[in-house]
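See structure below.
The values are calculated or read from the model by the stated rules, or taken from the named source; none is laboratory data. A quick note: this is a predicted structure, and the numbers were derived from the prediction, not measured. Quick reminder, even Gly has a Cβ in these numbers, built from the backbone with ideal geometry, and neighbours come from all protein chains shown. Ligands, DNA and RNA are excluded from the accessible area calculation, which covers all protein heavy atoms including side chains. Shrake-Rupley method; radii C 1.70, N 1.55, O 1.52, S 1.80 Å.
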Amino acid sequence: MIEQHLLNGRLIVETGDITEKNVDAVVNAANSSLMGGGGVDGAIHRRGGPEIKAECKTIRQTSYPDGLPAGEAVHTTAGELPAKYVIHTVGPIWKDGQANESEILSNAYRNSLQQASTLKLGSIAFPAISTGIYGYPREKAARVAFDSINDFLEKNDIPEKVFLVFYSELDAQIFLDSIR
Ligand code: AR6
């Protein structure tokens with residue numbers, strides 16, 4: 001099990017299942033449809049129950065009829081999860097590194113943190129957005145995630161704590177090695 005405290009203790013890198021995390025908000029690596037999918041998205045909807053998808057449907061109808069653009073973030077209830085909210089964001093699909101992938105990934109982190117800040121939340125947990133089904137190289141994604149979180153925390157007191165929850169020890173280790 002890995003647990004490392006960075007950025008004066010405000011960033012905690014750890015291994016685990018994000019659906020079990022007792023924080024104010026967990027971030028979902030969703031797709032633009034907001035209607036669920038595989039990976040962490042599937043796990044969050046499965047464990048959180050149908051209330052989450054019902055709210056996503058309303059968001060689609062009222063605010064995003066064409067889908068949530070990559071890099072944006074919205075929030076819903078967390079249903080039956082221990083968290084209070086799910087913040088849904090859409091990461092970039094990795095192509096070749098020349099398609100604004102890093103900018104979009106950075107926006108996904110920043111806009112999710114902005115949601116937490118607006119909701120005045122103390123803690124938020126992120127999965128490694130885009131590094132699964134969307135194919136973003138883990139080392140490159142690590143740098144973007146770390147820089148985006150660092151930048152936001154330097155400028156904002158809320159959220160106080162950010163957790164980066166990796167599903168495997170290898171993923172957590174790659175992250176820690178990549179930001180050195
Ligand atoms: N807890 C923490 N991390 C997890 C969990 C979990 N329960 N499950 C998976 N991961 P992915 P993406 C890790 O594929 O690349 C979906 O179909 C996983 O090991 O979930 O952004 C959506 O609907 C990986 O490190 O998200 C989209 O269509 C990380 O979470 C698409 O996948 C992200 O992997 C989004 O792809």
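Observations on the structure shown:
- Summed over the residues of the chain and divided among them, the accessible surface reaches 48 Å² per residue at a probe radius of 1.4 Å.
- When the Gaussian network model of the chain links Cα atoms closer than 10 Å, the mean-square fluctuations of 85, 136, 64 top out at 64.
- The chain: antiparallel DSSP beta bridges as a percent of all, rounded to 5: 35 percent
- For the range 27-129, the set of trypsin sites (Lys or Arg not before Pro) satisfying both a DSSP loop assignment and a count of at most 11 other C-beta atoms within 10 Å is given as 95, 120.
- Shape of the range 99-167, Cα gyration tensor, a/c cut at 1.5: prolate
- Relative contact order of the chain, pairs being alpha-carbon contacts under 8 Å that are 6 or more residues apart, as %: 28 percent
- Gain in span if fully extended, residue 157 to residue 17, counting 0.36 nm per residue against the direct Cα distance: 47.8 nm
- In plain terms, the C-alpha convex hull of the chain casts an average shadow of 9.3 nm² when viewed from every direction.
- Compared with the direct C-alpha span, the chain from residue 169 to residue 150 gains 4.6 nm at full extension, assuming 0.36 nm per residue.
- Cross-linked pairs 140/161; 57/84; 84/161; 120/155; 95/155; 57/95: Cα-Cα separations exceed 25 Å for 95/155; 57/95.
- Charged-residue dipole, Cβ positions (Lys, Arg, Asp, Glu), the range 2-143 about Cα centre, Debye nearest 20: 120 debye
- Atom-type composition of the exposed protein surface of the range 31-180 places 49 percent of the accessible area on carbon and sulfur (1.4 angstrom probe).
- Computed from backbone phi with θ = phi - 60° and the Karplus coefficients 6.51, -1.76 and 1.60, the 3J(HN,Hα) list for the range 77-84 is 4, 9, x, 8, 6, x, 5, 8 Hz; x is used for glycine and proline.
- In a fully extended conformation the segment linking residue 59 and residue 117 would gain 18.9 nm over its present Cα-Cα distance, using 0.36 nm per residue.
- Ordering 58, 40, 71 by Cα displacement along the dipole of the range 34-75 toward the positive end leaves 40 in first place; charges were set at the Cβ atoms of Lys, Arg (+1) and Asp, Glu (-1).
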